[in-house]
1. What is the set of long-range amide H partners of Trp28 at a cut-off below 5 Å, with H atoms built 1.01 Å from backbone N?
2. Averaging sequence separations of C-alpha pairs under 8 Å and six or more residues apart, then dividing by the length of the chain, give the relative contact order as a whole percent.
3. Report ³J(HN,Hα) in whole Hz for each residue of the range 25-36, in order, from the Karplus equation J = 6.51 cos²θ - 1.76 cosθ + 1.60 where θ = phi - 60°; Gly and Pro get x.
4. For the Cα atoms of the chain, what angle does the longest principal axis make with the long axis of helix 63-72, in degrees from 0 to 90, nearest 10?
5. Among Asp37, Asp15, Asp57, which one shows the biggest mean-square fluctuation in a GNM of the chain, springs joining Cα atoms closer than 10 Å?
6. Taking the beta-carbon count within 10 Å as an exposure proxy, list His54, His24, His75 from fewest neighbours to most.
7. Mind putting a number on the dipole of the chain about its Cα centre? Charges go on the C-beta only, +1 for Lys and Arg and -1 for Asp and Glu, and I need it in Debye to the nearest 20.
Amino acid sequence: MTREPAPDRGAYVTDDATEQAVPHEPAWVGRVQAVLDEKTVRLVTPRGTEWTAHVDDLSEASAAQRAAYDAAVPHRAGVRA
């Protein structure tokens with residue numbers, strides 16, 4: 001899927017290039033951390049792993065994928081100083 005322009009910062013996307021057939025591994029879901037240029041973005045997982053992806057490999061994450069992403073983000077207890 002070609003996306004023009006690149007998705008906005010904060011968008012939830014799946015990187016179809018990360019999907020594996022054997023052993024089966026679903027595509028990674030990430031949020032756009034930064035738009036590097038019109039063809040490349042920097043994505044981040046809920047645990048902070050970052051990777052660079054080409055916009056042609058991205059598709060919009062489903063509502064279930066977005067909810068799973070948000071549920072996996074570690075939350076800190078207490079007040080931030």
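1. Asp15, Thr18, Glu19
2. 30 percent
3. 9, x, 4, 5, 9, x, 10, 6, 8, 7, 9, 7
4. So the helix axis and the longest Cα principal axis differ by about 40 degrees.
5. Looking only at Asp37, Asp15, Asp57, the biggest GNM fluctuation is shown by Asp37.
6. His75, His24, His54
7. 580 debye
Every number here is computed from the coordinates shown, using simple stated rules; none is lab data. Just so we're clear, the structure is a prediction, and the values are computed from it rather than from any experiment. For neighbour counting, all protein chains shown are included, and Cβ atoms are generated from backbone atoms with ideal geometry for every residue, glycine included.
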